[in-house]
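Novice: Structure provided below as structure tokens; questions to follow.
Each value in this text was obtained by applying a stated rule to the coordinates, not by laboratory testing. The shown structure was predicted, so the numbers you read here are calculated from the model rather than taken from an experiment. Here the Cβ positions follow ideal geometry from the backbone for every residue, glycine too, while neighbour counts run over all protein chains shown.
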Amino acid sequence: IIILEAMKMENELRAPRDGVVATVKVKPGNSVNQGETLVTLQ
């Protein structure tokens, strides 16, 4: 559901279950921290 770029490498993050994205808590280009919620699923 998200591609996270770190040190010029792209890491694909997959949802742990089927669902619909309810909210996106970050914008493209934002820095994020470990453990931070990026999206929520319905």
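Novice: Enumerate the calculated ³J(HN,Hα) couplings along the range 27-42 in order (Karplus 6.51 cos²θ - 1.76 cosθ + 1.60, θ = phi - 60°), each rounded to whole Hz, writing x wherever the residue is Gly or Pro.
Specialist: These are the phi-based 3J(HN,Hα) values: 10, x, x, 5, 7, 10, 10, 4, x, 6, 6, 9, 9, 10, 10, 8 Hz.
Novice: Once you put a point 7 Å from the Cα of Ala6 and another 7 Å from the Cα of Ser31, both along the Cβ direction, what distance in nm separates them?
Specialist: Rounded to a tenth, the inter-label distance reads 1.5 nm.
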